[in-house]
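**Q** Okay, here's the structure, questions in a sec.
The values are calculated or read from the model by the stated rules, or taken from the named source; none is laboratory data. Computed from a predicted model, the values in this text were never measured in an experiment. Here the Cβ is made from the backbone with ideal geometry for all residues, glycine too, and neighbour counts use every protein chain on show.
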Amino acid sequence: MDADLLPQTRRALLHRIATGQADGRAPSMVAAVVRSTGPVWTATRGEVDGASPHTSTGYRIGSLSKTFTAVQVLRLRDDGLLELTDPIGRHLPGCGVEATVAQLLAHTAGLPAEPPGPWWERTPGTLRPDLSDVLGTAQDRWPAGHWHRYSNPGYALLGQLVERLRGRPWGDALRADVLGPLGMADTGVAPPRRVAAGWAVHPWADVLLPEPTEDYGLVAPAGQLWSTVADLSRFATFLLDGNPRVLSTEALTMMRTAASPPESADPDYGYGLGMQLLRHEGLTLAGHTGSVPGFVTALWTCPDSDVAAIVLANVTSGPQVDDIAADLVKIVADREPAIPPPWRPAAGVDLTLLDLTGPWYWGPRPVAIRLLGDGTLQLTPIGKAGRGTRFRSNGDDTWAGIDGFYAGETLRVVRDATGAVDHLDLGTLILTRGPYEPASAVPGGVDPAGWRTGSGSSTGRT
C-alpha cells in the first residue's frame, strides 16, 4: 500500500505523525491517508498493551459519530421518509423543539451545547433515560435558525428521529444503512474485540490516569461510536467518492456545503450538514473531529485533491489531531497531486440540450452553461473562479438547482412561438443570449437607442 506514494512523501507523513505523537504525549496514535481508490499510507506510533497499535485497534471516535448520524438522516431523505425542511416535531411529536431537521444537522436549532446534569461523557446514560433529560428546558434554548450553536443534544434528537423512522435502535439502523454497505465490521456502539484503553496524561508530569468509557444512552449518536483506522479509511473513501448504496451524490454534496457559520468569526471554519468545514493552507477540507475522555480523533477529506486523512489517539488532550490530519492531507496534495482521469466524450447525451449551452447574459454580466456527462447543466460565471450551480432536469423544460448558490432554485426554459429557446428564467433573473439586446425579454425593457459610444452620451431626459 505505501508503495503508492513516493518515498519522500512517506517520510514527510511519518515525520508529521511521529512529532504529533511525541509532542502531544499520546500513549498511542494511528493514522492513514486515503484516496478514492482506498488507503495509500498508514502508520502507528506508541504502544497499546505493550505492543504497537494495529490498523484494526479500536478507538472511540467522539463527535465524528455525528457525521455517521448525519449520513443516516440524509439517507432517510433519499428514501423519501422526510424533507430537511420538516419541523422535527412532525416526526417526533411532543419533543418540544421548534427547529427543522436541517437546523439540527447544522447546529442552528438553538439547543444547548450539552445535556443538563453531570458531565455526560463520564457518567452513564441511565442518568438521562428520557429525551427531556437530554434536551433540558425551554429556558436553555435560543431561537432556532439565528446562529450556529454546537449541540450534542441536537444530535441525540436526530438519533431518536432515525429510530422512529427506521423502527429499530439507532445502532442497528446505522449498521443496516451505513456500516454494512461500507464493510465497516469493527465500527459500532460497542467496542471491537481489540481496543486501546483511554488515558488522561498529567499536564505537568509524564504519568497516566485511566478514563472511564461509559454508555451514553440517548446521547450515543453525538459521540459514542468506536472504530478503527482501517474502517474509517473505508468511510473516508465513501466521503470522497460516494457510494450509491449508502447516499446519493446530491446528498453527500449537501453535507459538505456550508449551512451555518461557526461560533467564532474565524472565516476558515464553518459547518455543513454533519460535517465541519475548514480552510487549511489553501485547501478546502470537510470532515469532523472528535473528543471524549480518553480519545481524540480527526478525519478530513479534500475532494478537490482526492485526499483524506484520519488520525486517532487514546488520550484526553494533548495532540492536535485536527491539525495533524489536515497537515497529512496537505503533504500528499502538494507532493502528489491527483491525476485526473482521461477525458472521454459522454455517452447518451441528449443533443437537443445543446441549445441551452454556451454564453448567456444576466444584464451585462456573462455566465456560461455547460452540459455535463451526467445530464446535468452547470452554470458558472465567465472570468471568475467558482463552480457555480448544477441543475437537474425536471423533465418539463424546468431544472432544479442541486448545489451552489442557486441550490433549490428553478431554472425555466422559455421558448418562442416556434419552439426555439428565447431566454432562461432563473428564479426571476432573466438570462438572454446577448447583453441587453433590444428584443430581449429584459424586465424594465431596453432603451430603444441601444448601446452607445462616448461617456457624454445622454438620452436627453431630465
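**Q** Could you please find all residues in the range 368-414 being among the β-branched types (Val, Ile, Thr), out of contact with any Lys or Arg (no Cβ under 7 Å at 6 or more places or on another chain) and either modelled with pLDDT under 90 or not in a strand (DSSP E or B) (or both)?
**A** Listed by number, the list holds a single entry, 382.
**Q** On to the next question. Within the range 199-209, can one find any residue that is in the same structural domain as residue 276 (by TED's automatic domain parsing), assigned to a loop (DSSP other than H, G, I, E, B) and crowded, with 19+ Cβ neighbours inside 10 Å?
**A** No, the range 199-209 contains no residue that is in the same structural domain as residue 276 (by TED's automatic domain parsing), assigned to a loop (DSSP other than H, G, I, E, B) and crowded, with 19+ Cβ neighbours inside 10 Å.
**Q** Please work out which one of (1) within 30 Å of residue 102 (Cβ to Cβ); (2) part of a strand (DSSP E or B) is the condition residue 360 fails and give its number.
**A** (1)
**Q** Report yes if residue 173 is under 25 Å from the mean Cα position of the chain (by Cα), touching a residue at least 12 places away in the same chain (Cβ under 8 Å), in a loop (DSSP other than H, G, I, E, B) and in the same structural domain as residue 55 (by TED's automatic domain parsing), otherwise no.
**A** In short, no.
**Q** Right, another one. Quick test of your reading of the structure: residue 117 fulfils all but one of (1) part of a loop (DSSP other than H, G, I, E, B); (2) surrounded by fewer than 23 Cβ atoms within 10 Å (Cβ to Cβ); (3) out of contact with any Lys or Arg (no Cβ under 7 Å at 6 or more places or on another chain). Name the failing condition by number.
**A** Looking at each condition in turn, residue 117 falls short on (3).
**Q** Considering each of 45, 10, 60, 35 in turn, give the residue that is basic (Lys, Arg), surrounded by fewer than 24 Cβ atoms within 10 Å (Cβ to Cβ) and closer than 25 Å to residue 202 by Cβ.
**A** Checking each option against the conditions leaves just 45.
**Q** Out of all the residues in the range 55-78, is one or more farther than 30 Å from residue 250 by Cα and hydrophobic (A, V, I, L, M, F, W, C)? Spell out the reasoning first.
**A** Initial filter on the range 55-78 (farther than 30 Å from residue 250 by Cα): 55-59.
So of that shortlist, the ones also hydrophobic (A, V, I, L, M, F, W, C) come out as none.
No; the residues of the range 55-78 include none that is farther than 30 Å from residue 250 by Cα and hydrophobic (A, V, I, L, M, F, W, C).
**Q** Still on this structure, I have one more. Within the range 410-431, which residues are under 32 Å from the mean Cα position of the chain (by Cα) and loosely packed, with under 10 Cβ neighbours inside 10 Å?
**A** 428 - this is the single residue of the range 410-431 that is under 32 Å from the mean Cα position of the chain (by Cα) and loosely packed, with under 10 Cβ neighbours inside 10 Å.
**Q** Is it the case that residue 291 is touching a strand residue (DSSP E or B) at 6+ places or on another chain (Cβ under 9 Å), free of Cβ contacts under 8 Å to residues at least 40 places away in the same chain and in the same structural domain as residue 64 (by TED's automatic domain parsing)? Step through it out loud before you land on a result.
**A** Details: touching a strand residue (DSSP E or B) at 6+ places or on another chain (Cβ under 9 Å): yes; free of Cβ contacts under 8 Å to residues at least 40 places away in the same chain: no; in the same structural domain as residue 64 (by TED's automatic domain parsing): yes.
Answer is no for this residue.
**Q** Which residues, counting only those in the range 226-276, are surrounded by fewer than 20 Cβ atoms within 10 Å (Cβ to Cβ), outside any helix (DSSP H, G or I), without any contact (Cβ under 8 Å) to a residue 40 or more places away in the chain and not aromatic (Phe, Trp, Tyr)?
**A** 242, 244, 258, 264, 265, 266, 267, 268
**Q** Separate question: So if I check each of 297, 316, 301, 289, which one is over 18 Å from the mean Cα position of the chain (by Cα) and either modelled with pLDDT of 95 or more or buried (at least 19 other Cβ atoms within 10 Å of the Cβ) (or both)?
**A** Result of the check over 297, 316, 301, 289: 316.
**Q** Among the residues of the range 379-401, what is the count of those that are out of contact with any Ser or Thr (no Cβ under 7 Å at 6 or more places or on another chain) and crowded, with 18+ Cβ neighbours inside 10 Å?
**A** 1
**Q** If you don't mind, another one. Could you check how many residues of the range 22-65 are on the phi < 0 side of the Ramachandran plot and either outside the structural domain of residue 208 (by TED's automatic domain parsing) or not in a loop (DSSP other than H, G, I, E, B) (or both)? I'd like the intermediate steps shown before the answer.
**A** Going residue by residue through the range 22-65, those that are on the phi < 0 side of the Ramachandran plot are 22-24, 26-37, 39-45, 47-48, 51-61, 63-65.
Then keep just the ones that are either outside the structural domain of residue 208 (by TED's automatic domain parsing) or not in a loop (DSSP other than H, G, I, E, B) (or both); that gives 22-24, 28-35, 39-45, 48, 51, 58-60, 63-65.
Residues flagged as on the phi < 0 side of the Ramachandran plot and either outside the structural domain of residue 208 (by TED's automatic domain parsing) or not in a loop (DSSP other than H, G, I, E, B) (or both) within the range 22-65 amount to 26.
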